[in-house]
Each structure stands twice: as structure tokens, then as C-alpha cells.
Amino acid sequence: CFTHLTLQEYLAARWFVEKGEIPSTQRVSSMVLQFMAGILSKKKDNELMEKIILTELPSNEIDARDGLLTAKCLTEYGDRDFAKNIIKKHDFRFRFRGFKDLTDMDCIFVSFLLDVISTLNEEETAKQHQTLSEEPFIAEAALGISGSNLTQSGVRRICESLENDWCAVTVLELENCRLDDRCVDCTVKVVSNKLTELRVPQNQITEVGVVSLSQALQSPACKLTTLDLFINQISDAGVITLTRALTTSACQVTSLNLGANGIGDAGVISLSQALQSPACKVTQLELLSNQITKEGVTALAQALQSSACKVTYLDLDNNTVGDAAVISLAQVIQSPTCKVTTLDLSSNKITDDGVISLTKALWS
């Protein structure tokens, strides 16, 4: 008889609060617990609130990947001192590495949790007269969000929390979150001075977003060493823009994943030229599932032969690499200046002739 389930959930929450009971999450929806936290925020009933938190908290760090409900309830309760005490008492349960199925609204709750932990880091390090780089209270360095539907609003809120000097997170992964170029713009500041790894696979980033990222990579304060752009919509033009950043002395990127972007020979040729720059630090290069042919591989082979090239891992899986390209690679890996130790050529058009040339090279 209710016009919306939410009304029933709210009334149920009021009933449980009045009775002082904690319902089983098998009996009620998570929204009931969230409503209870909001109602209790007016009563300041820390004892009952702590029981709710302990009921829903993951029992161990392995299960802590789904900590969104905890973040929601702490945010609804709105007492930062209470949240700090809960986290200090159960710190091992707050090492969340991954959130799933988030919306922009959910980012508010994750942001609240990050801000509280940052405050704890600041207070604890001040007591011990340390810097954050020595031993933060919460040492979790990674924040992962996957399978979500986020816009620039949600991404901006998360990044604003990450920008806090006392936030220990230096690795950000936003996988399959429908990110567009405007979302990338929101990450520029945290990329240019905080993150060491940015992983944004399976999104909708184009060459426009790459322009913003490239500018951030050239910041003197940039610490980013890993950039994962697997399965996006980056064209050759985007790769050319990125290579300009890779050849600057400020850029620290050593691991670059451009797989499944529809990149052709033009982009690879530009990338090959960058790899020959003494300033380029890339050692791991993933170009799987693109449109690379003999022309692109020939350019790569020339780069790998350069003494300035630092690449040790090269992934060309699932391209249109044929025997002629493999023969050129086989010649190069015999060169004393070539540093490649791992080469992936699976799912290409290689026949016995290509394999024979590789075999001879391996004997060298």
C-alpha cells in the first residue's frame, strides 16, 4: 500500500531505532540501516550507532572491498569524531581497495571516508612528529572503483579528497566507470602532484582527454609512473600528443598501456621516436589489440635498437603482425643495445618462417 518502497524502509528504520534493535541485513535492505544512521544522528546515540557499524563492517580485509554501506552510514551519522574512533578501533577493516556499482551520490560517502582517514593521518603523525611519507595511520595506497556510472561531479569529489596532503592514496583505479574527457579533466590536479599510478581502463577517453593528461605529466611535481589507458577511444592523434609528454624530463612514466584503442602505424611511429629520446623512461609498453602492421613494427624495431630506449617488456598481442615484421624484431633482439626480455606476439599472423627467425635469434 506504500507508493514507494523507500517510505516503508524509512518507517522500518524508525521502528528499529525506537526498539533499539539492529536488524539483520538478510531481513532488511541496506537502505534501512542508512536511514537508521540518519535518524540516530539527531539522537547522538553512539552506542547503538556503533552496533550498526559493527554489524555491517566486513569481517576481514579480504571482504573489505565492499565497504560502501559502512561509508554511507558514517556519512549519514555525520559525526567525524565518532567516525575517527570507529576507524581507529577497527582500522584493519577500513583498508578498502575497491568499490563497485557507484553513482555520483555514492562518491559523497567515499569522499567522507577518505577525509576522515586523512584527518586521522594528520593527527597521528603530529603526535609522533613524523611526516606522512614515513608512517601514516592508514597506509592504504590504492583506491579502486569499478563497474560504475560516474560523471565529472563524482570524479571531482573523489579527487578533491585525494588532493588532501594527508591522504595516503597514491594509486587510483577507475575501471569501466563510463568516464569521458571531462572526467579526465577532474583528475589533472591530483595526477600532476600526487598519484604514482592512474588506471582508467574500459572507459570513453579520447585524444581530448589525453591532452589534459599530457599536460599533467609534464608538471615538475608529477610522480606518475604507471598510466593504464586500456580499452578507450584514443586515436593516433592522441598518441602523438602523449609522446610529447613522454620525452620531457619531468615525465616519470615507466609503464604505459595503450591496448585496445584502435591505434595504427602513425601513432606507433610517433611513439617509437619518443622511445629513442634519452628523457623517455618507459620500460613496459602494452599495445595489444590495436591496428599495428609491418610499418609500425619496423619503427618499433628501430627504437628498440637504440641505446637510449629502455623498453624491457613489449606486448603486441592481437595486431596484424606478420612474418616480415617478426623477422625485423628477431634481428633487433640480437642487438647488444636491445633491452627487451619479454615479448608477446600472440594472436597475430605469424607462420613457420617467422618462428624460425625468432628461434635463430634466441640462440644468439
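So how far apart, in nm, are the two label points at MET105 and ASN85 if each is 7 Å from Cα heading toward Cβ?
With each label placed 7 Å out from Cα toward Cβ, I get 3.0 nm.
State in Å² the accessible area per residue of the chain; use a 1.4 Å probe, count heavy atoms of protein chains only, and round to the nearest integer.
Accessible surface, normalised per residue, equals 46 Å².
With N residues in region 144-211, what two-decimal value do you get for its Cα radius of gyration over 2.2 N^0.38 Å?
Scaled against compact globular proteins, the figure is 1.01.
What are the residues whose amide H is under 5 Å from the amide H of ILE145, where those residues sit 5 or more places off or on another chain and H is modelled from the backbone?
Counting only residues 5 or more places away or on other chains, the set is PHE99, GLU173, LEU174, GLU175.
For region 160-267, what are the per-bin percents of Cα-Cα distances with bins 5 Å wide, up to the bin holding the maximum?
2, 14, 25, 28, 20, 9, 2, 1, 0
Can you give me the relative contact order of the chain as a percent, contacts being Cα pairs under 8 Å and 6 or more apart?
Numbers: 745 pairs, mean separation 29.6, N = 364.
About 8 percent, as a whole number.
Would you work out what percent of the accessible area of the chain, with all protein chains in place, is carbon or sulfur (probe 1.4 Å)?
49 percent
So which aspartates and glutamates can LYS339 reach, going by Cα to Cα under 15 Å and dropping same-chain residues fewer than 8 places off?
ASP315
One-quarter of the Cα convex hull surface for the chain, in nm²?
Mean projected area for the chain: 22.0 nm², to one decimal.
How big, on average over all directions, is the shadow cast by the Cα convex hull of region 231-364, in nm²?
Quarter of the Cα hull surface area: 6.9 nm².
At 222 nm, what helix-only mean residue ellipticity would the chain give, in deg cm²/dmol to the nearest 500, using -39500 (n - 2.57) for each DSSP H run of four or more?
Working: 14 runs with 174 residues, N = 364.
Calculated at 222 nm, the ellipticity per residue is -15000 deg cm²/dmol.
From the phi of every residue in region 67-83, what ³J(HN,Hα) in whole Hz does the Karplus formula 6.51 cos²θ - 1.76 cosθ + 1.60 yield, where θ is phi - 60° and glycine or proline is x?
Per-residue couplings from phi come out as x, 5, 4, 4, 4, 4, 5, 5, 5, 4, 5, x, 10, 5, 5, 4, 4 Hz.
Work out the FRET efficiency for LYS310 and LEU11 from their Cβ-Cβ distance, taking R0 = 51 Å, and round it to the nearest 0.05.
So, using R0 = 51 Å, E works out to roughly 0.20.
As a quick test, which of the pairs LYS19/LYS127; LYS127/LYS281; LYS42/LYS127; LYS88/LYS194; LYS43/LYS189 have an alpha carbon distance above 30 angstrom in this structure?
LYS19/LYS127; LYS127/LYS281; LYS42/LYS127; LYS43/LYS189
Give me a comma-separated list of calculated 3J(HN,Hα) values for region 231-237, in order, Karplus coefficients 6.51, -1.76, 1.60 applied at θ = phi - 60°, integers in Hz, x for any Gly or Pro.
6, 10, 10, 8, 8, 4, 4
Under 5 Å between amide hydrogens, which residues at least 5 positions from LYS194 or on another chain qualify, with H placed 1.01 Å from N in the peptide plane?
LYS223
Non-local amide H neighbours of SER219 (under 5 Å, H modeled in plane, Pro and chain starts lacking H): which ones?
Close amide H contacts, sequence-distant or interchain: none at all.
If the convex hull of the alpha-carbon atoms of region 74-128 is projected onto planes in all directions, what is the mean projected area in square nanometres? Write out the running numbers ahead of the final one.
Details: hull surface 16.8 nm².
With the hull built on Cα positions only, its mean projection is 4.2 nm².
Using θ = phi - 60° and the Karplus curve 6.51 cos²θ - 1.76 cosθ + 1.60, what whole-Hz ³J(HN,Hα) does each residue of region 114-119 get, with Gly and Pro shown as x?
4, 5, 5, 5, 4, 4
The values are calculated or read from the model by the stated rules, or taken from the named source; none is laboratory data. These numbers come from a predicted model, not from an experiment. Note: ideal-geometry Cβ built from the backbone for every residue, glycine included; neighbour counts use all protein chains shown. With ligands, DNA and RNA removed, areas are computed over all heavy atoms of the protein, side chains included. Shrake-Rupley method; radii C 1.70, N 1.55, O 1.52, S 1.80 Å.
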